[in-house]
Amino acid sequence: MLILDIVLGGLILGGMYALVASGLTLQYGVARIMNLAYGEVLVAAAFASYLLVTAAALSPLFGLVFILPAGFLASSLIYRVLLVPLVRRAKTREALEVDSILATFGLLFVVQGLAFVLFGGQYYSYSYLSVPVTIAGSTVPANRLLAFAVAAVLAVGIYAALMRTRTGTAIRAVAVDPASARLVGIDVQRVAGFAFALGGGLCAAGGVLVSMFLTFNAAMGVVFTMKALVVVIMGGVGNLMGALVAGLLLGLVETSVARLVDPGLTLAATFGLFLLVLLVKPTGLFGRAGR
Amino acid sequence: MLEVSGLSVSYGLHRALEDVSLGVGAAEIVVILGANGAGKTTLLKAVANTVPAEPGRCVVLGGRDVSELPAHLLVEEGLALVPEGRGIFGELTVRENLLLGAYPKRARAGEAATLERVLALFPRLSERLGQTARTMSGGEQQMVAIGRALMSNPTVLLLDEPSLGLSPLMSGELFAALGRVRETGIGVLLVEQNARRSLAIADRAYLIETGRIVGEGPAARLRDDPAVRRAYLGEAAPGAALPSHA
């Protein structure tokens, strides 16, 4: 059934977008770091997963247990070493955004260069749970279904943590108004660094999940950065719910266009939707008015 | 409770605050009066360390030297600032705003009890806990801002123009609330445009002109001081041509 195929395929694709974008919205919306190396970190996690699966014969799900915290720690280190000096000298958030674009643009080439040295330019993939599962007459590979389930668990978990815990509320406070956040005793730089690291952890998790069913190579990072950025801006910068909804929406629209019109028009559909959202709501679906 | 001395701030070449010293005791309301641009807001910001002050200042809070502490740690020491324009988290709910006020460790243990006290002080807020803060009226937002500051269990509360833009009725309610805040033992340092109302409630006052303290005294005495009445309470100078009622 075509409709069900589109909905299932769209949700699975959109689930990946949503997870990957939620990491970027934490980095961009809370820490105000426009991380151009985001996709590179994702690809690095995909390669790490590839190595664990092929060399150590581990299941990617088990790999996630290592790679997600590694993404968190690596991002925390990047923030402390590379970005804190920029945070210290930035007079405004806008200045920090520009500085961080330049710094992470450099980081992009470092990570990508390392990936090229280690893995070359060819495409990689591994086979994991590539068995078809039939849902109400529609066939989906089990690995995609599993990736979607894990993405959903992570997204719901991170959303609940942001809404329900004290640290989560502090993260949202910093996203909304960092100047006021320090007046309630929040160490803004620390919370921003934590949010950046958390975003890196989600990014790495996205890399592992994507590697379960997608072929990838060292040059693909920018594609993920771009898609994630489109979703983040469409949803409203710094708004997790926005990133989740916009991600799912983008997945559904892309899949519909690819199945109903022409697969070659997917990218056109992406930017068509992007433009449409920005025309109607310039600050994004869940964005604040009058920024 | 709060002792400040030698506080100076410059914005580039402009000297905004020059060697200011002042004190606020427990259960005392102290008001700072001055014209626009005299340095009132800068003074509060410099005490709360949200603008950089020049070296040589000394800020003592509850007997501890806190001159070098960054803004977020000053909250931990018991200093809470309600900034000009309120600085509430507009996108968050009233409840989230208030609970964020109790983010400092000093406030966490007593969080539930403090929330009850704050809601007793501002009963309007208890019906609005789930509302997004930015959708409230100016007076209600000011209550959220003050409530949030009180949630940090402060010993000294700094308030920057809390009655700005409020209706007379609402500012009356606000000043009454400040009186009840004082009864709990908190020291209040208040910057106000509304000299009449603030002198009526305050215990002491400082007069500030172009960044310097030019006068201080008990509020009751300043209320009756002809110079103060002229400068801050809008009374005409003696001998000025008054419209005749004849």
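Just checking, which of A:L58, A:L68, A:L86 is within 21 Å of A:D187 (Cβ to Cβ) and either surrounded by 13 or more Cβ atoms within 10 Å (Cβ to Cβ) or at pLDDT 95 or above (or both)?
Of A:L58, A:L68, A:L86, the one residue that is within 21 Å of A:D187 (Cβ to Cβ) and either surrounded by 13 or more Cβ atoms within 10 Å (Cβ to Cβ) or at pLDDT 95 or above (or both) is A:L86.
Have a look at A:A192, A:A181 and point out the one that is within 14 Å of another protein chain (Cβ to nearest Cβ) and touching a residue at least 40 places away in the same chain (Cβ under 8 Å).
Testing whether each residue is within 14 Å of another protein chain (Cβ to nearest Cβ) and touching a residue at least 40 places away in the same chain (Cβ under 8 Å) leaves just A:A192.
A:V176 is checked against (1) within 14 Å of chain B (Cβ to nearest Cβ); (2) open to solvent by less than 30 Å² (accessible area, probe 1.4 Å); (3) β-branched (V, I, T); (4) touching a Phe, Trp or Tyr at 6+ places or on another chain (Cβ under 6 Å) and fails just one. What number does that condition carry?
For A:V176, the failing item is (2).
Scanning for something open to solvent by less than 10 Å² (accessible area, probe 1.4 Å), at the interface with chain A (Cβ under 9 Å from one of its Cβ atoms) and in contact with a Gly (Cβ under 7 Å, 6 or more places away or on another chain), does the range B:128-141 turn up at least one residue?
Checked the range B:128-141: no residue is open to solvent by less than 10 Å² (accessible area, probe 1.4 Å), at the interface with chain A (Cβ under 9 Å from one of its Cβ atoms) and in contact with a Gly (Cβ under 7 Å, 6 or more places away or on another chain).
With respect to B:I32, is the statement that it is in a loop (DSSP other than H, G, I, E, B) and buried (at least 20 other Cβ atoms within 10 Å of the Cβ) true?
Here the answer is no, as B:I32 does not meet what is asked.
Would you be able to say whether some residue in the range B:53-71 is out of contact with any strand residue (DSSP E or B) (no Cβ under 6 Å at 6 or more places or on another chain), on the phi < 0 side of the Ramachandran plot and touching a residue at least 24 places away in the same chain (Cβ under 8 Å)?
No, there is no match, as no residue in the range B:53-71 is out of contact with any strand residue (DSSP E or B) (no Cβ under 6 Å at 6 or more places or on another chain), on the phi < 0 side of the Ramachandran plot and touching a residue at least 24 places away in the same chain (Cβ under 8 Å).
With the structure loaded, tell me whether A:T283 is more than 14 Å from every other protein chain (Cβ to nearest Cβ) and polar (S, T, N, Q) or whether it fails that test.
Judged against the criteria, A:T283 is not a match.
Could you please let me know if A:V230 is touching a Pro at 6+ places or on another chain (Cβ under 8 Å) and in contact (Cβ under 8 Å) with a residue 24 or more places away in the chain?
no
Scan the range A:46-53 and tell me whether some residue there is under 30 Å from A:A173 (Cβ atoms) and in contact (Cβ under 8 Å) with a residue 60 or more places away in the chain.
no
Taking the criterion of being crowded, with 22+ Cβ neighbours inside 10 Å, touching a residue at least 40 places away in the same chain (Cβ under 8 Å) and not charged (D, E, K, R), would at least one residue in the range A:257-273 satisfy it?
The answer is no; no qualifying residue exists.
Just one of B:L44, B:L81, B:L17 is closer than 22 Å to B:G215 by Cα and part of a strand (DSSP E or B); which is it?
Testing whether each residue is closer than 22 Å to B:G215 by Cα and part of a strand (DSSP E or B) leaves just B:L17.
Give the residue, chosen from A:L209, A:L250, A:L285, that is within 20 Å of A:G10 (Cα to Cα), touching a residue at least 12 places away in the same chain (Cβ under 8 Å) and surrounded by fewer than 19 Cβ atoms within 10 Å (Cβ to Cβ).
A:L285
Cβ contacts < 6 Å: first residue closer than 23 Å to A:G242 by Cβ and facing another protein chain (nearest Cβ under 10 Å), restricted to the range B:91-116; second residue buried (at least 21 other Cβ atoms within 10 Å of the Cβ) and of a type in the set (D, E, K, R), any location; separation 6+ or different chain. Result?
B:N97/B:R148
Listed here are the residues, each with its yes/no results for (1) at pLDDT 85 or above; (2) open to solvent by 80 Å² or more (accessible area, probe 1.4 Å).
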residue: B:R182; (1), (2): yes, no
residue: B:L189; (1), (2): yes, no
residue: B:Q193; (1), (2): no, yes
residue: B:L207; (1), (2): yes, no
residue: B:R212; (1), (2): yes, yes
residue: B:E216; (1), (2): yes, yes
residue: B:A237; (1), (2): no, no
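Restricting attention to the range A:131-184, and to residues there that are of a type outside the set (V, I, T) and assigned to a strand (DSSP E or B), which single residue is nearest to the chain's Cα centre (by Cα)?
Ranking the qualifying residues of the range A:131-184, first place goes to A:P141.
Tell me which of these A:V210 doesn't satisfy, since it passes every other one: (1) part of a helix (DSSP H, G or I); (2) in contact with a Gly (Cβ under 8 Å, 6 or more places away or on another chain); (3) closer than 26 Å to A:L61 by Cβ.
So the condition that A:V210 fails would be (2).
Is it fair to say A:L52 is surrounded by 13 or more Cβ atoms within 10 Å (Cβ to Cβ) and either in a helix (DSSP H, G or I) or of a type in the set (K, R) (or both)?
yes
Select from the range B:47-90 the residues that are β-branched (V, I, T) and more than 10 Å from every other protein chain (Cβ to nearest Cβ) and write down the one among them that is surrounded by the fewest Cβ atoms within 10 Å (Cβ to Cβ).
B:V60
Taking the criterion of being in contact with a helix residue (DSSP H, G or I) (Cβ under 9 Å, 6 or more places away or on another chain), within 14 Å of chain A (Cβ to nearest Cβ) and open to solvent by less than 50 Å² (accessible area, probe 1.4 Å), would at least one residue in the range B:159-178 satisfy it?
So far as the range B:159-178 goes, yes, one or more of its residues are in contact with a helix residue (DSSP H, G or I) (Cβ under 9 Å, 6 or more places away or on another chain), within 14 Å of chain A (Cβ to nearest Cβ) and open to solvent by less than 50 Å² (accessible area, probe 1.4 Å).
Mind checking which residues of the range A:89-106 are touching a residue at least 60 places away in the same chain (Cβ under 8 Å) and open to solvent by less than 30 Å² (accessible area, probe 1.4 Å)?
A:L96, A:S100, A:T104
Working carefully through the options A:R164, A:R144, find the one that is within 14 Å of chain B (Cβ to nearest Cβ) and either open to solvent by 50 Å² or more (accessible area, probe 1.4 Å) or under 21 Å from A:L240 (Cα atoms) (or both).
A:R164
Tell me the residue from B:A48, B:A35, B:A53, B:A26 that is modelled with pLDDT under 90 and among the small types (G, A, S), please.
Exactly one of B:A48, B:A35, B:A53, B:A26 is modelled with pLDDT under 90 and among the small types (G, A, S), namely B:A35.
The values are calculated or read from the model by the stated rules, or taken from the named source; none is laboratory data. Because the structure is predicted, anything quoted here is derived from the model rather than measured. Here the Cβ is made from the backbone with ideal geometry for all residues, glycine too, and neighbour counts use every protein chain on show. All accessible areas refer to the heavy atoms of the entire protein, side chains included, with ligands and DNA or RNA removed. Shrake-Rupley method; radii C 1.70, N 1.55, O 1.52, S 1.80 Å.
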